[in-house]
Amino acid sequence: MTDQETLDLLTQMIDQQAKKVLDLGRKWVPHATDEDLRNAEDFAILKDKPIFHFEDGILSGLVAAKTALAHRIRQAAPSSV
């Protein structure tokens, strides 16, 4: 699998996980947006929902992995200066 294919796969996984987090958050905060749920501490009801924090943590890990891979790819690319 190439680096680009891995980035594409991570993007798909992030999109899927973001939808899962949004759907889960809306169980308790029906009109929440994805932006609202990035600041989940603003919603007291979510503080006591470990499954929400678990799924949100998976999303954060996927984003971190994609960021790290993109950085590595940029570092390995020949300089155009």
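Things worth noting here:
- Taking segment 38-68 as the range and being more than 19 Å from residue 11 (Cβ to Cβ) and surrounded by 17 or more Cβ atoms within 10 Å (Cβ to Cβ) as the test, the residues that pass are 40, 46, 49, 52.
- Scanning segment 1-48 for residues that are under 13 Å from the mean Cα position of the chain (by Cα) and among the hydroxyl-bearing types (Ser, Thr, Tyr) yields one hit, 11.
- Residue check: residue 55 meets all listed conditions (1) touching a residue at least 60 places away in the same chain (Cβ under 8 Å); (2) of a type in the set (D, E, K, R); (3) touching a Lys or Arg at 6+ places or on another chain (Cβ under 7 Å) but one, namely (1).
- The residues of segment 1-43 that are assigned to a helix (DSSP H, G or I), among the aliphatic types (A, V, I, L, M) and at pLDDT 95 or above, listed by number, are 7, 9, 10, 13, 14, 18, 21, 22, 24.
- Residue count, segment 44-81 (criterion: part of a helix (DSSP H, G or I) and within 20 Å of residue 2 (Cα to Cα)): 15
- Annotation note: Cβ proximity below 6 Å between a residue of segment 1-29 that is over 17 Å from residue 68 (Cα atoms) and a residue that is surrounded by fewer than 16 Cβ atoms within 10 Å (Cβ to Cβ) and of a type outside the set (D, E, K, R) (sequence gap 6+ or interchain) occurs for 17/58; 28/45.
- Selection status of residue 18, more than 21 Å from residue 3 (Cβ to Cβ) and surrounded by 14 or more Cβ atoms within 10 Å (Cβ to Cβ): yes
The values are calculated or read from the model by the stated rules, or taken from the named source; none is laboratory data. In this text, all values refer to a predicted model and were calculated from it rather than measured experimentally. Please note: Cβ atoms are built from the backbone with ideal geometry, for glycine as well, and neighbour counts cover all protein chains shown.
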